[in-house]
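The values are calculated or read from the model by the stated rules, or taken from the named source; none is laboratory data. Nothing here was measured: the structure is a model prediction, and the numbers come from that model. Cβ placement follows ideal geometry from the backbone for every residue including glycine, while neighbour counts extend to all protein chains displayed. The accessibility values were calculated without ligands, DNA or RNA, using every heavy atom of the protein model including side chains. Shrake-Rupley method; radii C 1.70, N 1.55, O 1.52, S 1.80 Å.
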Amino acid sequence: MKPVRDLPIEKLRHSLLDWYDAEGRDLPWRIRPEARAAGQIADPYAVWLSEIMLQQTTVPHATPYYFKFLDRWPSVHDLAAADEDEVLAAWAGLGYYARARNLIACARAVSAAGGVFPEAEKDLLALPGIGAYTAAAIRAAAFDLPASVVDGNVERVITRLCTIPEPVKTSKPEIRQIAAEIADPGRPGDYAQAIMDLGATVCTPRKPDCAGCPWSFACAARAEGHPEAYPVKAPKVAKPHKHAVGFAVFRGETIWLRKRPSRGLLGGMLEVPSTEWRTEKWSLTRARAAAPLDVQWAKRAIISHVFTHFSLEMAMWRAEAPTGWEPDEGGWHALGDVDQLALPSLMKKAVLGAL
DNA sequence: GAAGCGTGGTC
DNA sequence: TGACCAAGCTT
């Protein structure tokens, strides 16, 4: 790791906080500086909930889920007592479903310990679903305790400020060191939100607003004239394209769905039965042989879906269940309930596409 | 420590 | 329109 750069720490802190006091966003889970200064205290449960939902997720996507969860489970005890399938159903559509499983596990651990979220970083890190970023964010936003948050926004801001020439994967320790050095121990909560807001609204991936940036005076990438060159991108690997045939079996106004294994892709969520997901296409003959029922299938929509590490094309076939036939696993679900079920987006598209 | 893990919006 | 992107964690 290179030696710490000669940065105008105090000036950076002050200009960022001045900017945040005037320009910072007002988000549902956030306490604005004037409210914090007036003694308003954050609800650690609400802060934690928002941070888990916001992991790799945009504010507009997460916000309705945040309100839905707070309304339905107002306290950590309520969430801890909830049925796991109901929580997964409420999470459906938000993605990264391990977060929901960890959310329940974390709520139960905190509830069992009296319902009080820990303040110490090591205690926060010991909870399921809480890593380095989230532990720091909870310390800062919920408890106003010293912490250095390093998320994608902060990584972008720091790599530009210091023109760090390697991909983030390589330079992460250096980024953390610089971020921690600048972090303001006087107003930790406001500072953490300020630096993330800076990345989200000013130091954006494309077309950053350097003219409106409180750190432009010190920014090396700005001086170079090409702030968008940072962070340096790692070469990306092509994602495979997979094929499957999905089997929608209806009985009147119900459809056969089953639960996926509790770990792994879409873990614990509902699915329509399907062939293996593989890179080779499926012939009609092979797909028919792999079907859960030997009936006359009708072809319906072809569903395209993109996951993090592969894309999938699922041809939907449908059939009416023969009288007396029952699935060996899973069960019948009313079509009118599709929005209340633990259906990931792919499977919701599959069900609707098979109609 | 590299790989696995979703989704929807944007340009 | 396909590539890129968004407040990461776990194994």
Hey, can you rank A:32-42, A:17-27, A:188-198 by average C-beta count inside 10 Å, highest first?
A:188-198, A:17-27, A:32-42
Contour minus Cα-Cα distance for A:Asp78 and A:Glu10 (0.36 nm per residue)
20.1 nm
Based on the Cβ-Cβ distance of A:Arg288 and A:Glu320, what FRET efficiency does E = 1/(1 + (r/R0)^6) give at R0 = 25 Å, to the nearest 0.05?
0.90
For each pair in A:Lys169/A:Lys239; A:Lys259/A:Lys299; A:Lys239/A:Lys259; A:Lys169/A:Lys236; A:Lys122/A:Lys233, compute the distance between the two Cα atoms and list the pairs where it is over 21 Å.
A:Lys259/A:Lys299; A:Lys239/A:Lys259; A:Lys122/A:Lys233
Determine the share of chain A's accessible area contributed by carbon and sulfur atoms, expressed in whole percent, with a 1.4 angstrom probe.
54 percent
Can you give the charge dipole size of region A:218-355 about its Cα centre, rounded to the nearest 20 debye, using +1 on the beta carbon of Lys and Arg and -1 on the beta carbon of Asp and Glu?
460 debye
In a Gaussian network model of chain A with springs linking alpha carbons closer than 10 Å, the residue among A:Asp151, A:Asp43, A:Asp123 that fluctuates most is A:Asp123
Would you list which aspartates and glutamates come within 15 Å of A:Lys281, measuring only between C-alpha atoms, while excluding same-chain residues fewer than 8 positions from it?
A:Glu313
Estimated distance in nm for a label pair at A:Lys207 and A:Thr58, the labels positioned 7 Å out from Cα along Cα-to-Cβ:
1.5 nm
Ranked highest first by average number of other Cβ atoms within 10 Å, how do A:244-255, A:289-300 line up?
A:244-255, A:289-300
Within chain A, percent of DSSP bridges classed antiparallel, to nearest 5:
65 percent
Mean residue ellipticity at 222 nm from the helices of chain A, using -39,500 (n - 2.57) per DSSP H segment of n ≥ 4 over the full residue count, to the nearest 500 deg cm²/dmol?
-12500 deg cm²/dmol
Round to the nearest 0.05 the FRET efficiency obtained for A:Thr308 and A:Gln40 when R0 = 51 Å and r is the Cβ-Cβ distance.
0.85
Enter the accessible area per residue of chain A (Å², integer; probe 1.4 Å; all protein chains in place).
48 Å²
Over region A:206-328, relative contact order from alpha-carbon pairs under 8 Å, at least 6 apart, %
28 percent
So who's got an amide H within less than 5 Å of the one on A:Lys242, skipping anything under 5 residues away but keeping other chains? H placed 1.01 Å off N, in plane.
A:Ser311, A:Leu312, A:Glu313
Which residue, A:Gly330, A:Ala298, A:Thr308, has the largest displacement toward the positive end of the dipole of chain A when charges sit on each Cβ (Lys, Arg +1; Asp, Glu -1)?
A:Ala298
Take the alpha carbon atoms of region A:122-150, find their center, do the same for region A:315-351, and report the distance between the two centers in whole angstrom.
40 Å
For region A:24-145 the translational diffusion coefficient, Stokes-Einstein from a Kirkwood Rh over Cα pairs at 25 °C and viscosity 0.890 mPa s, in µm²/s, is roughly 168 µm²/s
To the nearest 0.05, what FRET efficiency results for A:Asn102 and A:Leu145 with a Förster distance of 22 Å applied to their C-beta separation?
0.45
By the Cα gyration tensor axes a ≥ b ≥ c (a/c under 1.5 gives rounded; else a/b larger than b/c gives prolate, otherwise oblate), the shape of chain A is prolate
So for region A:9-229, averaging the separation of alpha carbon pairs under 8 Å that are six or more residues apart and normalising by length, what relative contact order in percent results?
23 percent
Charge dipole magnitude, Cβ of K and R +1, D and E -1 - region A:9-229, Cα centre, debye nearest 20
380 debye
Where does helix A:44-53 land angle-wise versus the long Cα axis of chain A, in degrees 0 to 90, nearest 10?
60 degrees
When the Debye formula is applied to the Cα atoms of region A:241-354, each taken as the same point scatterer, what base-10 log of I(q)/I(0) results at q = 0.14, 0.18, 0.23 Å⁻¹?
-0.53, -0.91, -1.51
